[in-house]
Every structure is written in C-alpha cells, then in structure tokens.
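Data block below; observations after.
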Amino acid sequence: MVPKRRAKAPSTPSCRPSPTPSSTRWVFAWTACRFTRPACGRRYTRRGWPEMLRIAPTFEVLRPETLDEVVNLLDQHGEAARLIAGGTDFVPNLKHGLYAPEVVIDLKGVSALRGIEHRPESLVFGALVGLHEMETDTRVHAVLPSLSRAASLVAGPQQRRMGTLGGNLCLDTRCVYINQTEFWRGALGGCLKKDGDVCHVTVTGKKCVAAASNDTAPVLISLGATVELLSPRGVRHLPVDELYINDGIRNLALGHDEVLTRVFVPRPGPQRRMGFEKLRTRGAIDFPLLNCALAFDLDEAENLSEPVLIFSAVAARPRSISQLPVGRLDAALIAEFGQRAFASVRPLTNINADVDWRREMVPHLVSRAFEAALGRASATPFSLSNAR
Ligand SMILES: Cc1cc2nc3c(=O)[nH]c(=O)nc-3n(C[C@H](O)[C@H](O)[C@H](O)COP(=O)(O)OP(=O)(O)OC[C@H]3O[C@@H](n4cnc5c(N)ncnc54)[C@H](O)[C@@H]3O)c2cc1C
Ligand code: SF4
C-alpha cells in the first residue's frame, strides 16, 4: 500500500507547533515559535495551529482630523505609514501578512474628504464617499448611471456600507497566488509581489501581472474623470486613466506620501450614454472575473459616435479597447464592438475561473453593457449560474 504523503511544513521544516496545552482562552492566545535557530517568528495558537488571520499589534493607529495633519503624518513616517479608509481591503490584506506598516493613518475622521458636490460642469466626490451612498444617491444615479451601477455591484452590502470610493480606486491588485494566508503562500515560496522571486502566472515568471479588480476604476476612466492628489509637495490632478501603471506589484502612479482627496467627474452631455457590466462567480460579494465600462454619444438618428470601452480584471491596469467602430447603432455594430473586445482581452490564470470561458464571455459582457447604456439593463447579476 502506498503510504499517504504528509503535508510538509512550508518554509521551516524543523519548525513545529507549540506543545503548550490549550486553555479556555486559547482562541485569543498565541505563542511565538521557539523551535528553530534563529526562531522563524511564526506564531501559533496554544492549540498548536499556525496563527494565520489575526492582526499582530505591531503598528500604531493615528487618527488625523484635517488634511494638513494627514500630509504631515505622511511626510513624517514615509513608507512606514499606510492609509486606511473603510478598511474592507486593507484589513484582509493585513491579516494575510501582505503589509507590515509601522503606522496606520485612519482617514475616517477627516471631514474634508466627505460629501458629493453637484457643480454645473462636474460632480465632485470626496475620497471618503461611501459606495452605498453612490449606489443610493438618486442624483448621482440620474447623471452617472454607470458609476452608480458599478458601486452597487461591488462586493456585498456590508462592504459597500464600509468601503469608500478612494479605497476602491486605490485597491490593491489581486491574484489567486497572493490573496492567501502567509502559510499558504509560504508553501510555494512566495512570488514576485511578496516574499519570492518568481511569478506563478506567466511563462517567463519575470513580471507581476496581478489584476486590477476595482469596479469603479473602468467606469471613471470611461467618463473621463480626474483625481486630486495631495502630498507634502502640494496638490496635483491626474486623469484616472493615468492613475494606473502596468505593474501588479503596485499598480498606482501614486507616491507613498500622497493621499487621494477628490474625484472630479465631468457632467455628461445630453447625448452621452453609459453602461457598466460585471461578470462574477456568484451574483453578489465576489470580485470581478471581468468588468466592462462603456460610454458613447447617440444622436436622434441613432448614430453612435465617440465610443469608449474599458475592460478590467484582465491585467494590472484597466485596458482600453481601441479602433472601435462608429455608425448606426444596430445589432451588427454591437457585435463588432464585441469582436474588437474579444481580440484585445486575454484573461490570465491569476483569477480563479477558466480563462477560455472568461474570454468567451467578453462579447456577452459588451452587449449587456449596451443594454445598460440604453436603459434596458437586466436586474439579474451576470454570474456563473446565468452566463451561458
Ligand atoms: C468579500 C469582499 C468582496 C469584495 N468584492 C469587491 C468587488 O467585487 N469589487 C471591488 O471593487 N472591490 C471589492 N472588495 C474590496 C473592497 O471592499 C472595495 O474595493 C472597497 O471600495 C475598498 O474601499 P475601502 O474604503 O474599504 O478601502 P481600504 O481597505 O481602506 O483601502 C484600500 C487601499 O486603498 C488605500 N487608500 C484608501 N483610501 C485612500 C486614499 N484616500 N488615498 C490613497 N490611498 C487610499 C489604502 O491604503 C489601501 O491600500 C471586496 C472586499 C471584500 C472583503
Ligand atoms: S501575478 Fe505572479 S507575481 Fe503577481 S501576485 Fe500573482 S503570482 Fe505573484
């Protein structure tokens, strides 16, 4: 009989769980590994399970109330500091050992980052505007329906009540090999993004291609939005399209001492139509397997012009589809949009769904985005169960 192989401890084979007997408070207790020289530092609960999803109290939380205080703190602490808004992405990543900040700057007390301004030429969103607020604000929905829809399709109700627009735009990239516990990642020896020197997704393994997975980013790009960034050097403005670079390790063109303060979205003209669609495993909670934002002008004669089509969850930054057709809006034109997108979008294996199936879904996503843009969006989320 072939003996069953036992799982090997990932990085420190001689390191064994603490034999300390359990106590009634074992859940809250941990002890550091003392079995290797030098000690590996991995921590175990008193029951002997590796400590995986608890946050070590090794950082200080600072709660500024003004933007000046935020900038001073960023200047003072440099790369040792990290910002937190709703915490719905930051905290899971912290628990997974992806970040090791010395200082966490909590933005929630900065009132200057709140509120939506309806200006004649634009809508201005503070970085702390909640996704739930964007989803339910009727005025935002009336002017920017695709943005409102994207916000409504992020995660589930709990995350939308805590999550903010600024946090969504600055969301870390995602990959099946990185959004795991330290213990899981250690079994593969880490990867380029954290604790390793190879990428497990690409053939060459030389570049991190973790996917941009924020739902509001492609929409804001399609709407020509800009962000305001503040740092000790002053204020600068950047089109959302230029906020992202093609590097999965950190895909933001944002200095470590910069904070995103506001998002400016130009008020669309009367002929502008916009739509957003998202494919995910279940009808709620899940990150996108693909998402797609569309905007175009449509005149009284149903002629389409000035189209913009952006796909995301395919690379480290959202991808703009080029050479889109213009002309009379009919089924053939929509099919041509689908074909152009199909030719450009090549999903990678870093998202947990079959890549060929995801690519097949691209034209369907495009036609659903058109339906949304023409006010015929299906209320049923596009998920594994109804995507055929
Ligand atoms: C179960 C689950 C499902 C999810 N599904 C989705 C999904 O489908 N789509 C999606 O887009 N997201 C999803 N998320 C991620 C997250 O909920 C949202 O992206 C949310 O909008 C993040 O906002 P936040 O305020 O919580 O950000 P935080 O977690 O506080 O921060 C996220 C990142 O942004 C940085 N940051 C925050 N604010 C600023 C600022 N003003 N300036 C500079 N940097 C800043 C932080 O340092 C951090 O690196 C999901 C999360 C969970 C837990
Ligand atoms: S794409 Fe490669 S380097 Fe980047 S997180 Fe995934 S496995 Fe790591």
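The values are calculated or read from the model by the stated rules, or taken from the named source; none is laboratory data. This is a predicted model, so every value here is computed, not measured. In this analysis, Cβ positions are derived from the backbone assuming ideal geometry, glycine residues included, and neighbour counts consider all displayed protein chains. Just so you know, the surface numbers come from the protein's heavy atoms only, side chains and all, with ligands and any DNA or RNA stripped out. Shrake-Rupley method; radii C 1.70, N 1.55, O 1.52, S 1.80 Å.
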- Message: Which condition from (1) within 17 Å of Ser148 (Cα to Cα); (2) touching a residue at least 40 places away in the same chain (Cβ under 8 Å); (3) open to solvent by 30 Å² or more (accessible area, probe 1.4 Å) is the one that Arg272 breaks?
- Response: (2)
- Message: Any residue at all in the range 352-359 that's outside the structural domain of Arg149 (by TED's automatic domain parsing), within 16 Å of ligand 2 (Cβ to nearest atom), part of a loop (DSSP other than H, G, I, E, B) and polar (S, T, N, Q)?
- Response: yes
- Which one is farthest from the chain's Cα centre (by Cα), of the residues in the range 218-244 that are among the hydroxyl-bearing types (Ser, Thr, Tyr) and crowded, with 21+ Cβ neighbours inside 10 Å? Ser222
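Results for (1) within 16 Å of ligand 2 (Cβ to nearest atom); (2) not assigned by TED's automatic domain parsing to the domain that holds Leu220, shown as yes or no for each residue.
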| residue | (1), (2) |
| --- | --- |
| Asn251 | yes, no |
| Gly255 | no, no |
| Glu258 | no, no |
| Arg262 | no, no |
| Phe276 | no, yes |
| Thr281 | no, yes |
| Phe287 | yes, yes |
- Near pairs, Cβ below 8 angstrom, 6+ apart or cross-chain, from the range 120-143 (away from ligand 1 (no atom under 14 Å from the Cβ) and part of a helix (DSSP H, G or I)) to any residue that is open to solvent by less than 10 Å² (accessible area, probe 1.4 Å) and at pLDDT 95 or above: Val140/Leu123; Val140/Met134; Val140/Leu147; Val140/Ser148; His141/Ser148; Val143/Leu123
- List every residue pair whose Cβ atoms lie under 7 Å apart, where the two residues are 6 or more positions apart in sequence or sit on different chains, the first residue falls within the range 150-162 and is charged (D, E, K, R), and the second residue, located anywhere, is assigned to a helix (DSSP H, G or I) and near ligand 1 (Cβ under 6 Å from one of its atoms). Arg160/Leu131
- Query: Pick from the range 171-212 the residues that are free of Cβ contacts under 8 Å to residues at least 24 places away in the same chain and touching a Gly at 6+ places or on another chain (Cβ under 7 Å): which of them is nearest to ligand 2 (Cβ to nearest atom)?
  - Reply: Cys199
- Query: Mind checking which residues of the range 73-94 are assigned to a helix (DSSP H, G or I) and either touching a residue at least 40 places away in the same chain (Cβ under 8 Å) or within 6 Å of ligand 1 (Cβ to nearest atom) (or both)?
  - Reply: Leu74, Asp75, Gly78, Glu79, Phe90, Pro92, Asn93
- Out of all the residues in the range 88-105, is one or more more than 16 Å from ligand 2 (Cβ to nearest atom), in contact with a helix residue (DSSP H, G or I) (Cβ under 6 Å, 6 or more places away or on another chain), assigned by TED's automatic domain parsing to the domain that holds Ala225 and open to solvent by 30 Å² or more (accessible area, probe 1.4 Å)? no
- Message: I'm checking my understanding of the structure. Among residues of the range 303-314 that are open to solvent by 10 Å² or more (accessible area, probe 1.4 Å) and in contact with a Leu (Cβ under 9 Å, 6 or more places away or on another chain), which one is nearest to Asn246 (Cα to Cα)?
- Response: Val308
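Table: residues versus (1) modelled with pLDDT under 95; (2) touching a Pro at 6+ places or on another chain (Cβ under 7 Å); (3) open to solvent by less than 40 Å² (accessible area, probe 1.4 Å).
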position	(1), (2), (3)
Arg149	no, no, no
Ala155	no, no, yes
Gly166	no, no, yes
Ile178	no, no, yes
Phe183	yes, yes, no
Gly189	yes, no, no
Thr216	no, no, yes
- Item | Residue that is surrounded by the most Cβ atoms within 10 Å (Cβ to Cβ), among those in the range 77-87 that are more than 21 Å from Thr173 (Cβ to Cβ) and at pLDDT 95 or above | His77
- Kindly establish whether Phe382 is buried (at least 16 other Cβ atoms within 10 Å of the Cβ), over 23 Å from Ala151 (Cβ atoms) and either among the hydrophobic types (A, V, I, L, M, F, W, C) or in contact with a Ser or Thr (Cβ under 7 Å, 6 or more places away or on another chain) (or both). no
